[in-house]
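These notes are about the structure you will find just below.
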Amino acid sequence: MTYKIGFPRMGETYIGFAKLVELFGYDLALPDALSKKTIRLGVQHSPEYACWPFKISLGSTIEALEAGAEVIGTLGGSGPCRAGWYGELQRLILVEDLGFDIPHFYPMYHLNDVFKIAELGGTKSRYRALKCVKYAWDTMRTAEYFEKIAIKQRCREVNIGETTKVQNEVMKMLTETYEPAKLKQAKKKGTAMFESIETDKKMKPLKVGTVGEIFVVIDPFANLEIEKKLGNLGIEVDRSLYLTDWIWRELVMDYHPVTGYFAKKYLHDNAHGYLHEPVGGDALEGIAWINLYKEKGYDGVIEIGPFTCIPEIVTKSIIPTMSRDLDMPVQTYNIDEHTGEAGFITRLEAFGDLLSQRRDGVPLPTRDPVTGRFSSADFGAVEGKA
Amino acid sequence: MGKRVGIPRTLLYYYYYPQWNTFLRELGHEVVVSAPTSKRIVDEGVKLALNDACIPIKLYHGHVVDLLDKDVDAFFIPRYVSMDPGARMCPKFLGLPDIIRAKLEDQIPLYVDTKVDNRKRKHIEEKFYRGIAKQLGNNPSEAKLAFAKSQEVFEDFRRLLHTGMSYLDALQLYNAGKDLKAEYQARKDIDPFDHPLNDPEDPSQPRRLHFAVIGYVYLIYDDFINANLWKKMETLNVSLHTFDQVTEEALDYQTQRMHHDLFWMFSNRVVKGAFHFLHQDKIDGIIHITAFGCGPDAMTTKLIELEAKNRTHIPYMRVLLDEHTGDAGLMTRLESFTDMIRRRDSAAAKAQNLKETG
Ligand code: SF4
Ligand code: SF4
């Protein structure tokens, strides 16, 4: 018999995970895209001060169970933060508080847990399982590659909204691809699609890097689509964290064959003077990347952490000093279910203006960060409304 | 040349102070402890620290500020990464020296911020203390002797706690220069659950109650932040028992009730302490003290609550402390919690009586 499997969603990474379990031989019980409902479920059943990613992933897991999942694969951790206990605690809540019956619940700690899941799905051979992992990995990396292009390019698009449209299309294409050769083609085709978007080549946009806790940095729903909003304001974005990099560094090996550096040492060296210890979560990365963005000539950095996130409190405590020393504007955000979109946008716009003032002496052109449209006050004639 | 070394009176002060103090004194330094927590210290801490930090970390800032005008040569802000293999301290402890440095860099003459990391190997504390000695300008052979001495004192001290003495009482003995070994001998056969006021033969006397108070040491022992918990409970005729009175073996025994250990040493101990008391039928109630803004507690609380739900005959109460915790409000809650237990107690006694006579 074929089991139905579900797992909590996180940004675009679900494409890779879905691929993995499908190849293992499962039917998918994919939870719906993260939504207000996810939050409601998560908040309702989580401890009040649990972190935002905990609440979202619990909500998403409940949605997977509602979609009929019999097997749950979920976050387990390499500590030393709360994430290491997500799986366990969520299982307790789901079983003891909510009365779900989940015979197969797998928090991922080691590669071994992946093999266990593979076996349950019917993929007994480890060699075969590893091949599936490799394929899913490549899918995930391709998805990230597309995201990277999108957040870099969005600010330059001439027809507003086109990047997002293309992004959705290429992600859909990845979801429908199952073979290595096709995946390569998809990557080529996707790249070409992005290239065909009409852009303003002469534009010299402001550049902002994002750092912070991995879940909220990566997941557009959890971070109120900050990357898209920045893009719509006309700002180029770079993200310091991608899931595959993280997995590689923390779970596979320290040496990164593509970039050719020892990641941990690299981070240590770059955080030196401000943070001398990996305190858990993504604090050391954050501090190191503020330094790196300065070196790379970025105009500013945005730090995003969930409200009550422990390591990000360390980051946030250090940022003011660092920002002053490096002469680098850094804006910090605390996000949870109470974060209001209006206030969020106001702060984002103010930051954009600040960066623009610093560089060009004038504020940013007024655009709506949600739609990307120029405000009719400035460009009324263009829009034909004057 | 001896230095004046300042120690903030919070966080791990409530766990390691006897060892630190012995060690530093043996090396010929003078130890200056910040003043007991007060409104002023809280305010200073709140002003200086990040708004979203937990209360204990804000307090720590306040205590460091208090030391600033005490003419101290070196600030003792060691980096406790891990003391138990497999567990770390809360991330905020790990980043503490960096946080303080970011705030007060130029105002602090010398940071003693050696780190101790026991994750991989046990017993590297000696190296840690050697590091401290080095930062203070002492040589390794002095450090070795001082460490041995401090270790001995600390072991005696902990043994004394295991007899059921509270950290604060033991600290008083230590500060008064009492012989901890002798104190231990004198107390080792006394059952902490026996109390002179507790006379089962005399029913006119209300029974002495025994509560477990669960929470981080810097919350349960700081009289200001917990609004004088110990004195209050004494007036209510209740004895308090804490997780640091439980031996490590007994705590480890509770691991079987958890799926795997938590990542933070003290959270681990708090949870295991709670489990220990919940499964030991000597306790009449559990008070769980948590701090506003504490990350790990979101998880420990849930774990403890789930376990307490299965052990309903032991009432459980949670107190959330923040910088505005009202004295009066807390007192009322503690009183009604205690009353509730006493009522239950006498109802049970009546039922028992009926059975026996009837
Ligand atoms: S890093 Fe932050 S969000 Fe992630 S588990 Fe830790 S506290 Fe929670
Ligand atoms: S354990 Fe909780 S109270 Fe203690 S420092 Fe960490 S977050 Fe703060």
Inset, instruction - Give the long-range amide H neighbours of B:Val32: residues separated by 5 or more places, or on another chain, with amide H under 5 Å away, using H modelled in the peptide plane at 1.01 Å from N. - result: B:Val5, B:Gly6, B:Ile7
Inset, instruction - Let me know the mean shielding of B:258-267 by other chains, meaning the per-residue number of their Cβ atoms within 10 Å of its Cβ. - result: 5
Legend entry - In degrees, nearest ten, helix B:265-278 long axis to first principal axis of chain B (Cα): 10
Inset, instruction - Summarise the partner chain shielding of A:270-282 as one whole number: the mean count of Cβ atoms from other chains within 10 Å of each residue's Cβ. - result: 5
Inset, instruction - Between A:Leu41, A:Leu30, A:Leu326, find the one with the highest GNM mean-square fluctuation for chain A; connect C-alpha pairs within less than 10 Å. - result: A:Leu326
Legend entry - Antiparallel content of DSSP bridges confined to the protein assembly as shown, in %, to 5: 5
Legend entry - Relative contact order (%) - segment B:1-97, alpha-carbon pairs under 8 angstrom, separation at least six: 32
Legend entry - Rounded if a/c under 1.5, otherwise prolate or oblate - segment A:269-335, Cα gyration tensor axes: oblate
Inset, instruction - Would you mind computing, in nm to one decimal, how far apart the modelled labels at A:Thr366 and A:Leu111 are, each placed 7 Å from Cα along Cα→Cβ? - result: 5.8
Inset, instruction - Name the residues whose placed amide hydrogens come within less than 5 Å of the amide hydrogen of A:Leu206, ignoring near sequence neighbours (fewer than 5 apart) on the same chain. - result: A:Glu236
Inset, instruction - State whether segment A:122-229 is rounded, prolate or oblate according to the following rule on the C-alpha gyration tensor (a ≥ b ≥ c being the square roots of its eigenvalues): a/c under 1.5 gives rounded; otherwise a/b larger than b/c gives prolate, and the remaining case gives oblate. - result: oblate
Legend entry - Per-pair calculated FRET efficiency, R0 = 25 Å: A:Ser35 and A:Lys124 via Cβ, rounded to 0.05: 0.10
Inset, instruction - Rank by packing, highest mean first: peptides B:276-286, A:89-99, B:183-193, with packing defined as the count of other Cβ atoms within 10 Å averaged across residues. - result: B:276-286, A:89-99, B:183-193
Inset, instruction - Using Cα pairs closer than 8 Å and at least 6 residues apart in sequence, work out the relative contact order for chain A, in percent. - result: 15
Inset, instruction - May I ask you to evaluate 6.51 cos²θ - 1.76 cosθ + 1.60, the Karplus curve with θ = phi - 60°, for each residue of segment A:272-287 and list the ³J(HN,Hα) values in order in whole Hz, giving x for glycine and proline? - result: 4, x, 10, 9, 10, 8, x, 8, x, x, 10, 5, 5, 4, x, 4
Legend entry - Whole-Hz couplings from phi, Karplus 6.51/-1.76/1.60, listed for segment A:15-28; x for Gly and Pro: 4, x, 5, 4, 4, 4, 6, 5, 5, 5, x, 9, 8, 8
Inset, instruction - Please give the helix A:162-175 orientation as an angle from the longest Cα principal axis of chain A, in degrees from 0 to 90, rounded to the nearest 10. - result: 10
Legend entry - ³J(HN,Hα), Karplus 6.51/-1.76/1.60, whole Hz, each residue of segment B:156-168, x for Gly, Pro: 4, 4, 5, 5, 5, 4, 5, 6, x, 7, 7, 4, 5
Legend entry - Contact order normalised by residue count of chain B, Cα under 8 Å, 6+ apart, percent: 16
Legend entry - In range of the label at A:Met1: residues from segment A:61-104 whose backbone nitrogen is under 13 Å from the point 7 Å along Cα→Cβ: A:70-71, A:103-104
Inset, instruction - Using a 10 Å cut-off on Cβ atoms, rank the peptides B:236-244, A:107-115, A:303-311, A:3-11 from the highest mean neighbour count down. - result: A:303-311, A:3-11, B:236-244, A:107-115
Inset, instruction - Hey, can you grab everything whose amide H is under 5 Å from the amide H of B:Leu321? Only 5+ residues off in sequence or another chain; H modelled, so Pro and N-termini drop out. - result: B:Thr290, B:Ala291, B:Phe292
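Rule-based calculations on the coordinates, nothing more; no lab input. Note that the coordinates shown come from a computational prediction; the quantities given were computed from them, not determined experimentally. Cβ: placed from backbone, ideal geometry, glycine included. Neighbour counts: every protein chain shown.
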